[in-house]
Amino acid sequence: MTGVMRLGLTGTVGAGKSTVAAMLRDRGAAVIDADALARDVVRDPAVLDAIAAALGADLIAEGDGGPVLDRAATAARVFDDPAARERLEAIVHPRVRAAAADARAAWARRPDPPAVVVEDVPLLFETGRDAEMDVTVVVDAPFELRAARLAERAGLDEAAVRARDAAQWSAADKRAAADHVIVNDGDVATLEARVDALWRAVRPAER
């Protein structure tokens, strides 16, 4: 094999995408977390200045080490305002893509690079990132189960979960677009078995 397989991983809200990413890491994949990269990106003072100019200086708070993005206020500002969300994404997304490219390059330079790099991207299809991947995977679960998990984990009510769902592609559209779908509707052992099957299906032959 030459190069590294890029696996784009996404899912519906509360379906367990991060859990699947961790299981793939346990099986030998490298994982690049777009959300973690975005959190790093918005620590850059130049990015904070750009966000303040585009969306309002009130979104920048004073933290222990200096200015920080008020993530809750920013989410509230852009959630129901597509134009504001586009302005934010125009600032953050290119920098996240660049950071992901740097991470991929670092993995590829290793003496024994991983066969698979998982790119955990919540808006994989919405941002067109799926076109960059060798294979795409969606993690899904029934709405009622996802809502129950998010109520327990994040205190979200059903209306909030539906609103988050509505801000992304529908589950049906994601499943139709993906190369593989993992349904996380059982216990941990069931999910492990499904991730094992996925790993066998996507892992390149030994180099």
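Quick note: the coordinates plus some simple rules give every number you see, no bench work behind them. Nothing here was measured: the structure is a model prediction, and the numbers come from that model. Cβ sites come from the backbone with ideal geometry, for glycine too, and all protein chains shown count toward neighbours.
Quick look at the numbers
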quantity: Segment Leu123-Glu192, extension gain: residue separation times 0.36 nm, minus the distance between their alpha carbons; calculated: 22.4 nm
quantity: Within-10-Å neighbourhood charge of Val181 [Cβ basis; K, R +1; D, E -1]; calculated: +1
quantity: Cβ-based net charge around Val195, under 12 Å, with every Lys or Arg adding one and every Asp or Glu removing one; calculated: +3
quantity: Shape call, segment 76-197: gyration tensor on alpha carbons, a/c limit 1.5; calculated: oblate
quantity: Dipole moment magnitude, nearest 20 debye, segment 84-207 about Cα centre, only Lys, Arg, Asp, Glu C-beta charged; calculated: 440 debye
quantity: Extension gain from Asp173 to Ala108, taking 0.36 nm per residue of separation minus the Cα-Cα distance; calculated: 20.2 nm
quantity: Cα→Cβ-extended label distance, 7 Å offset, between Arg97 and Arg200, nm; calculated: 3.7 nm
quantity: Segment Asp64-Ser18, length gained on full extension (0.36 nm per residue, minus Cα span); calculated: 13.7 nm
quantity: Rel. contact order, % - alpha carbon contacts under 8 angstrom, at least six apart, segment 104-207; calculated: 33 percent
quantity: Cβ-derived FRET efficiency at R0 22 Å, Ala72 paired with Glu144, nearest 0.05; calculated: 0.25
quantity: Shape of segment 143-207, Cα gyration tensor, a/c cut at 1.5; calculated: oblate
quantity: log₁₀ of I(q)/I(0) at q = 0.12, 0.14 Å⁻¹ - segment 30-123, Debye sum with one point per alpha carbon; calculated: -0.44, -0.57
quantity: Rounded if a/c under 1.5, otherwise prolate or oblate - segment 87-132, Cα gyration tensor axes; calculated: oblate
quantity: For the chain, calculated [θ]222 nm from helices alone, where every DSSP H run of n ≥ 4 adds -39500 (n - 2.57); calculated: -16000 deg cm²/dmol
quantity: Percent antiparallel among DSSP beta bridges (both partners in the chain, rounded to 5); calculated: 20 percent
